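Remarks on the structure that follows.
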Amino acid sequence: MNPDRPRDPAGVRVEPAEAVVVQALFAPYLEERARLFGLAKHLQTLGLTSPCGKWRWNPATIRGILTNPAYTGQVHADRTRSRAPRLRRSATHPIGKPSTTATVLPRELWVPLATLPALVRQEQFDRVQAKLALNQPWLFMCFGQLRKHG
């Protein structure tokens with residue numbers, strides 16, 4: 001990003017080393033047994049630091065990269081809307097003033113802003129989104145079972 005105009009999409013440039021990491025996440029995640037935790041461990045084994053500069057990669061960071069449509073070459077605005085939370089996070093969490101939750105809008109409502117060099121093909125991005133969507137219910141099912149029994 002251009003430090004003088006940080007929100008200007010025209011100032012975005014591709015960092016070659018970071019582009020390689022992004023591409024190296026999309027391809028292996030499409031393999032049958034690939035999981036976010038496995039990718040995180042692999043990146044740590046390679047000695048690559050996270051976008052924050054830390055040695056430990058968080059699977060949530062990898063999910064954020066894999067769900068970012070900017071890597072397909074198009075920057076959009078108005079991708080999400082804020083809404084009030086529907087559930088309390090925890091009985092031990094103070095009620096106070098609840099924060100909002102971001103809800104992803106349908107792609108047809110996104111506003112295109114700029115075109116960037118694509119790091120992944122749209123078809124590959126769509127396949128990764130399908131796999132992430134398929135794995136998410138499984139994750140909630142497992143953690144739901146843990147909460148009931150644990």
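For the stretch 48-63, indicate whether the set of residues that are β-branched (Val, Ile, Thr) and exposed (fewer than 12 other Cβ atoms within 10 Å of the Cβ) is non-empty.
no
Could you please find all residues in the stretch 126-148 being farther than 16 Å from residue 35 by Cα and at pLDDT 85 or above? If the condition is that a residue be farther than 16 Å from residue 35 by Cα and at pLDDT 85 or above, then 126 is the only one that fits. Considering the stretch 28-47, the residues that are under 15 Å from the mean Cα position of the chain (by Cα) and in a helix (DSSP H, G or I) include one that is surrounded by the most Cβ atoms within 10 Å (Cβ to Cβ), namely 29. Counting residues in the stretch 34-51 that are at pLDDT below 90 and under 17 Å from residue 131 (Cα atoms) gives one or more.
Considering only residues that are among the hydrophobic types (A, V, I, L, M, F, W, C) and touching a residue at least 60 places away in the same chain (Cβ under 8 Å), which ones fall in the stretch 38-91? Steps first, please.
Going through the stretch 38-91, the residues among the hydrophobic types (A, V, I, L, M, F, W, C) turn out to be 39-40, 43, 46, 48, 52, 55, 57, 60, 62, 65-66, 70, 75, 77, 84, 87, 91.
Of everything in the stretch 38-91, those that are among the hydrophobic types (A, V, I, L, M, F, W, C) and touching a residue at least 60 places away in the same chain (Cβ under 8 Å) turn out to be 66, 75.
The values are calculated or read from the model by the stated rules, or taken from the named source; none is laboratory data. Keep in mind that this is a model prediction, so the values were computed, not measured. All Cβ positions, even for glycine, are placed from backbone atoms using ideal geometry, and neighbour counts span all protein chains on display.
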